[in-house]
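Single-structure report; data block below.
The values are calculated or read from the model by the stated rules, or taken from the named source; none is laboratory data. Note that this is a predicted model, so its numbers are computed, not measured. FYI the Cβ positions are ideal-geometry reconstructions off the backbone, even for glycines, and counts take in every protein chain you see. Calculation scope for accessible area: heavy atoms of the full protein, side chains included, ligands and nucleic acids excluded. Shrake-Rupley method; radii C 1.70, N 1.55, O 1.52, S 1.80 Å.
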Amino acid sequence: MRQYEIEHRLTHRIKRQGLLHREAPPSYSATIHEAALRMGFGGPVVTRGQLKHLIDMSELPQVTVRVVPFGAPHFPTTGQSIDYIEGPVPQLDTVQLDTHYGACEFLDAEAQLSKYRSVLDSTEACALNPVESRDFIHRITRDI
C-alpha cells in the first residue's frame, strides 16, 4: 500500500472516531474476534497501545465492545470487517465492507441489509458480554 493511501485511511478513521467524542455522540457497537486482538501488528508496544485505546473507548457510555473468544461454539462470518450503519430510518441503513484492494463497498438493498444484520446478530450472540470482553482485553494486554 502506498503512503498516501495509508494516510488517507488513517485520516478517515480518525475523523470517524471523532464522532464518538462530540456532543450527543451516536451509539457504537463493535464485535471483535480474539484473533484480531492477538495479531500483534507493529510489535508489543503498538499492540498494547491499541488494546489500551480499545479498553478506554469501551468505557464510554455510548460504546459497546464485545469479544468473540477462540472457544466460542461458532463464528458466523468470514472475518471480513463489516460496518453496519443504522439510524432512525431503517431504509437508509448502510453496510460498509472494506475490500482487499483498498476501496470500500457500500450496500443498501433491503436483502443485503437483512443478511448482514443476521450475521452481526449471530456474531454478537456468541460473543462475551461487554464487561467480560473488557476483562478479556485486559488479560491479553497483560500477556503481551
So which of T64, T31, T47 ends up being in contact with a Gly (Cβ under 7 Å, 6 or more places away or on another chain) and not charged (D, E, K, R)? T47
Determine if the range 33-49 includes at least one residue that is modelled with pLDDT of 90 or more, surrounded by 12 or more Cβ atoms within 10 Å (Cβ to Cβ) and assigned to a loop (DSSP other than H, G, I, E, B). yes
Give the residues of the range 56-80 that are within 13 Å of the chain's Cα centre (by Cα) and under 20 Å from N129 (Cα atoms), sorted by residue number. M57, S58, V63, T64, V65, R66, V67, V68, G79
Please indicate, with yes or no, whether at least one residue in the range 97-108 is open to solvent by 40 Å² or more (accessible area, probe 1.4 Å), at pLDDT 85 or above and of a type outside the set (A, V, I, L, M). yes
Are there any pairs with C-beta distances below 7 angstrom linking a residue in the range 41-62 that is touching a residue at least 24 places away in the same chain (Cβ under 8 Å) to a residue that is open to solvent by less than 40 Å² (accessible area, probe 1.4 Å) and part of a loop (DSSP other than H, G, I, E, B), with the two at least 6 apart or on different chains, and if so which? T47/G40
Checked L20, L60 against criteria (assigned to a helix (DSSP H, G or I) and in contact with a helix residue (DSSP H, G or I) (Cβ under 9 Å, 6 or more places away or on another chain)); the one match is L20
Going by the structure shown, is R9 of a type outside the set (S, T, Y) and open to solvent by 100 Å² or more (accessible area, probe 1.4 Å)? no
Counting only residues in the range 23-32 that are in a loop (DSSP other than H, G, I, E, B) and in contact (Cβ under 8 Å) with a residue 24 or more places away in the chain, the one surrounded by the fewest Cβ atoms within 10 Å (Cβ to Cβ) is identified as S27
